[in-house]
Each structure stands twice: as structure tokens, then as C-alpha cells.
Amino acid sequence: MALLQISEPGQSAAPHQHKLAVGIDLGTTNSLVATVRSGMSTVLQDEYGHALLPSVVRYLPNGEIAVGHEAQAQQSSDPVNTIVSVKRFMGRSLNDIADRAHIPYRFVEGTDAQSARLLLIQTRAGLKSPVEISAEILKTLKARAEKSLGGELVGAVITVPAYFDDAQRQATKDAARLAGLNVLRLLNEPTAAAVAYGLDNAAEGTYVIYDLGGGTFDVSILKLTKGVFEVLATNGDSALGGDDFDHRIYCWVLDKIRENSSNFTPLGEQDTRLLLTKARQAKEWLTDNFEAQIVCRLSNGTLVDVTLTAPQFVELTQHLVAKTLSPTRKAMRDANLTPGEIKGVVLVGGATRMPHIRHAVQEYFKQEPLTNLDPDKVVALGAAIQANALAGNRSDDDLLLLDVTPLSLGLETMGGLVEKIIPRNSTLPIARAQEFTTFKDGQTAMSIHVLQGERELVSDCRSLARFELRGIPPMAAGAARIRVTFTVDADGLLSVSARETTSNVQANIVVKPSYGLSEEQILAMLQSSFSAAESDKQARALAEAKVEAESLLTAINAALERDGDLLNSIERQEIVSQINALQGLLQAGNSHAIHQATEALNTVTESFAARRMDASVSRALAGKNLDSLEL
Ligand code: ADP
Ligand code: MG
């Protein structure tokens, strides 16, 4: 019979190996990982069949880290160490988090000069940056993918909101790096959704992507021309999502409790969480049912038992639905379009399952939105298709996606004003140059301050970076010609260069946001995760060496007791001194020394063991002849 051939684990035996690449939707509320298998984009599930991984990370008292459902379940009992919605803090400084009153975390500002404005969260596992916390989510998805695909990933496409600025994109890339993922491309979420629907293969036209997630609303307008996607406009509301609908139900339930009890006391954190969870379940139930019953017992013993009907829910939340339409109108205005010019509307985000949302979108655009893909999976599905193409698994590799800069990019000029170099909604990748000149006679250096934002004053825009162009030959004010070039790559990351054109003096900078993580910090984090792995390995080796030594010591002590008379005094002395040496080493923590002493004890007891074997065989054989032995 021919031998079966077995290929190395993770290696395909086929000559044209399919490269394992995934798409990751790193969401505020939920995250997902998807891949293209047999030509179909599919979301990968965990061992319990869950596709959605709640974007929740908890630092446990025993030093472990829980991610997903397990972490989410402990949110109310351990709020300070259970981080939800970390995406909101990516690439942000403490000043950016305007309303902190309702956030339970202990925020700390980075202290060293490099990260003076970096936001950190104090947990029981120490200070954690949003990048590190997001990396835990990515690690979990990476492990899920490698387990179900049976090999190492060559890379991932990770999606980000279209409005994410440079710092937020960089932070996302850093998180991927910490998680050991090779980022093939950062892709805008609406673009990914359009790809999932195959709109890149469709006829030319303009599409709207309406994305209502757990806590954010984003609307994007994409234009498809000659196989190229262009984002015409984006808008949204970073504080509007499914959570607000839960909150409305929660307030309604509180009113009901108040009506029914004379002495109502405000709810504690735990009861609030419980009711919010019940409210979310009721909301999701009402998507397919006429009424939802909300039953639970509060910590003071009060029984809550109320029923909410679908029409009541619509009435409670209609204003929230209306609130999504104003950014939608703004985006349409930015893109200079009327609803009649829109070829299709794609619904994204779990909250777009609600019938009154679908209805409102349909009313506004006068057409039925596309809903045949799961709205909470569509972004990951599209990212997987893009990852598959970028990994080189597609022969017709003509997928070219263009995104836009969400905010204008510019520089500081005299008087604290901003001169825009790349206007918002410019198609990526893009390079734009502009000439500047010196202000004073004999000026030999120029300070370049890069800013992002729509406002005119430097103080109202976000500072991205500063650098200096030195060595300008002294000239009269206004004579130097300094050409500043802004380049934004396909991931939306910016680099800036400046050159004095008469002397050719040049300065460059890849913009690394002042409040993001520095290269050294990323390296230190990677290092500490490696050294943690190293110390884990050492601890394991020590534990194993100890177990091995202890079991040998027990066996030899028992043997000495039983068959000690088989040894002469010198032999016995030798064994006892080796036993003492090994016992002494067990107190210290050197696994290598313990292992060597164990080996030595094994060696000195070899002839003793052989003699014991002989003795026991002759004892067994005593008085028996060979024929009676069952061999
Ligand atoms: P994000 O993009 O913020 O990570 P998702 O797209 O996963 O979020 O959307 C999460 C939101 O979708 C939550 O508010 C959740 O309650 C809501 N949601 C999920 N399923 C349903 C449903 N069947 N009906 C109504 N809302 C839903
Ligand atoms: Mg989302």
C-alpha cells in the first residue's frame, strides 16, 4: 500500500499556495475577522459559534486578560478594569475626551516628554494605552483566524472609520503591530462595505453607506468610476448609536419603576448595567417582534416586569432616527448631490436592523436600501476580499481603492493662521506642494508646523507635527523659495518634506503624531511582551525541573529505606551527598542547576537501581523453575 503523504502543519501541499490573509473590522462595540475561502468571503467564528467578538478587554486579578463575551459579562462588577469602546480613545489625548463624567476609567496623562499628551488608563495590570488594549482584541482575532485556518497569516486588512485622522490611523497600525499582525492596508469602513456588496464590479454610480453601530453614526458617499472607488464625502455623529436607543428604553423603564413605587432611590452601577443590558435585549427583540417583556430583579429586591410594544419603542426613539438624517444631509450637500442621484444605499452596523431606521433611510433616498448581507458583518467581509487581493490570491488583481482625507491638512503661517495644502475629501493617495518664503532678512531656518482641521486658526486645529528646515542661505526677506510637499499614502498616513529650491536644502518628516506612541515606546512594549514570554518559559522550566527532581528524590529515599543494605558505605555516602546537593538546589530558582543535579543523582544511583532489579528478580524467582514462569 502506498504511504499517505502528510504536509507540514500550516503548509499547503499544493504548489500554488493560497496565502492566508484576513479582514478585520475593529469596531467600537464589536469586532470581527473574515477570510476568503473557496472564493467566498466568510466571517470566522470562535469555538462557541460566535462571529461577533465584543470589543471589551478585562484585566483579571490573576494577571490574565479576558477579551470578548467573558470580559463583557464582568463589566458591571469590575468596571474600572473592564475597558469597553476603547476605539474612542485611539490616537486621542486626554483633552480630546471632552465628557469624561460617565466613563468609569482612571485616565492618566503620559509623563515622559515623548508622550506628554498620551492618554493612558490605570488598570490593576498597570497603565495601559488604548493601543495596547486594542492589541488584545486583535490578538484574540488573530488566534481565532490561525486556529480555524490552520496556519500563520501573511497579513490583514484592518478597517477604520473614514473620518479617522492621522493619529487614529497610526494608533490602529501600532496596535496591529503589537498584536503581531502584518497590516496589508488600512481600509475605510464604508469602502469595505461597498466591496462586500461587489459594487466595485457594478456599473458606475454613486452610493451611500449608512453605518449606525453601537455608539457611532457614520455616513459616507462613494463614487465609482472606471473601477475606481472615490469617497466623495463623509459625515456622522460620534455620540449616536444603538446604545442611545438602549438608553431611551432604560429611561422608560425607570419611569415605570418610579410610577409603581412611592420611595424610589437612585440605582447603583450594577442595577444600571443590568437594566441597560435588558434594554438592549428588548430593542433587538423588537426588530422582529411586536412586543418585548423586560423582567428582572433589582438589588433592593424590587421586581421589574414591564412590556414595551414596537410602536411605543418607535415613539420613544423617533428623534434619534431623525438625528441621523442631519449628518446625512450634510454629506449630501458636501458632495453636491440630491437623493435622486444616488444609485444605491448600503446599510451597515447592527443598529440598522431596526425597522424604523430602514424606513427613514428609504423615505429620504426614495429607494429600498441594500440589506441582503448582515449589516454587522459587511465591513469585515469586504476587508477580507481586499486582503485576499492584496495577498496576491487573486489573478485579476485590479482592485484599486481610493479613499479621501477626512480633514484638511495644512501648515501654520504668520499670525497663527492655517494655510491648507490638502483640502478635506481629497482622493488618496495624494501629493500636493506649495511654495512659501522667509519673513525676515537673512532668515536661515524655518519652523514648519503641520496641522489638521477645518478651522482657520492654529489654536482650533489639531497639531500633527513640527520640524525645522535649516541651512537656508541668508537672503532678503521674501527671496527664498521654500517648497513644502504633503504626501498622503493609501493608508491615509502623511509625510511632509520641505526644500529650499535655490539652494536645494531639504528636510523631511513622516508625521508621527505628537500624542501617539513613539517608536521607542512601541519597541519597549514589544520587548516587554517578548520578555514576558521568556520569563513565562523560564518559570515553566523551573516548575518542570522541580517536579522531576522531587519525584526522583521520593523514589530514591524509598529505595534506600527498602534496599539500603545492597550498598556499601562509600556508595551510600556518595548517594546521600548527591541527594543533599539536589535538595539544597531546590530552594534556589535555577532550573538548569536542578536539572543537572537530578541527572547526577540518576547517574550515581544507576548501579544501585540495577542491583535492586536483580535482587527483586531473584526474590520473585526463588523456589520456582523456569517452566512455571509465564513469560
Ligand atoms: P460597532 O460598529 O459600533 O462595533 P455593531 O455594528 O456591531 O457596532 O452594532 C452594534 C449595535 O447593533 C448594538 O447597539 C446592538 O444592540 C445593535 N444591534 C444588533 N443586533 C440588533 C437587532 N437585531 N436589532 C436592533 N439592534 C441591533
Ligand atoms: Mg462598525
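Extension gain, PHE107 to THR427, is 111.6 nm, computed as 0.36 nm per intervening residue step minus the present C-alpha separation. By DSSP, the beta bridges lying fully in the chain are antiparallel in about 85 percent of cases.
Taking LYS128 as the anchor, which aspartates and glutamates have their alpha carbon closer than 12 Å to its alpha carbon, excluding any fewer than eight residues away along the same chain? Answer for LYS128, where 12 Å is the Cα cut-off: GLU109, GLU136, listed by chain and number. Sorted largest first by accessible area at a 1.4 angstrom probe radius, with every protein chain in place, the residues GLU571, GLU284 fall in the order GLU284, GLU571.
Given the pairs LYS173/LYS330; LYS19/LYS142; LYS256/LYS278, which span a C-alpha to C-alpha distance of over 22 angstrom in this model?
LYS173/LYS330
Within the accessible surface of the chain, defined with a 1.4 Å probe on protein heavy atoms only, the carbon and sulfur portion equals 51 percent.
Taking a ≥ b ≥ c as the square roots of the eigenvalues of the alpha carbon gyration tensor, the chain is prolate, as a/c is not under 1.5 and a/b beats b/c. Per residue, the accessible area of segment 202-267 comes to 40 Å² when a 1.4 Å probe rolls over the protein heavy atoms. Taking all Cα pairs closer than 8 Å and separated by 6 or more residues, the relative contact order of segment 534-620 comes to 40 percent. Distance between the 7 Å Cα→Cβ label points at GLU599 and GLU550: 2.3 nm. Annotation: LYS440 carries an accessible surface of approximately 130 Å², with a 1.4 Å probe and no ligand, DNA or RNA atoms counted.
Label zone of ILE65 (point 7 Å out along Cα→Cβ, amide N under 17 Å): in segment 31-58 this covers 31-32, 53-58. What does the C-alpha gyration tensor say about the overall shape of segment 53-184? Classify as rounded when a/c is under 1.5, otherwise prolate if a/b is larger than b/c, or oblate. The shape class here is oblate.
Dipole orientation for the chain: of the candidates MET613, LEU411, THR172, LEU411 has the Cα lying most toward the positive pole (charges on Cβ; Lys, Arg +1; Asp, Glu -1).
What does the accessible area per residue of segment 534-620 come to in Å², with a 1.4 Å probe and no ligands, DNA or RNA counted? Present the calculation step by step, with values, prior to reporting the outcome.
Values: 5520 Å² over 87 residues.
With all protein chains present, segment 534-620 gives 63 Å² per residue.
The values are calculated or read from the model by the stated rules, or taken from the named source; none is laboratory data. If you're wondering where the values come from, they're calculated on a predicted model, not measured in any experiment. So basically every Cβ, Gly included, is an ideal-geometry build from the backbone, and we count neighbours across all protein chains shown. The protein model used for the area step is the full one, side chains on, heavy atoms only, and it has no ligands, DNA or RNA in it. Shrake-Rupley method; radii C 1.70, N 1.55, O 1.52, S 1.80 Å.
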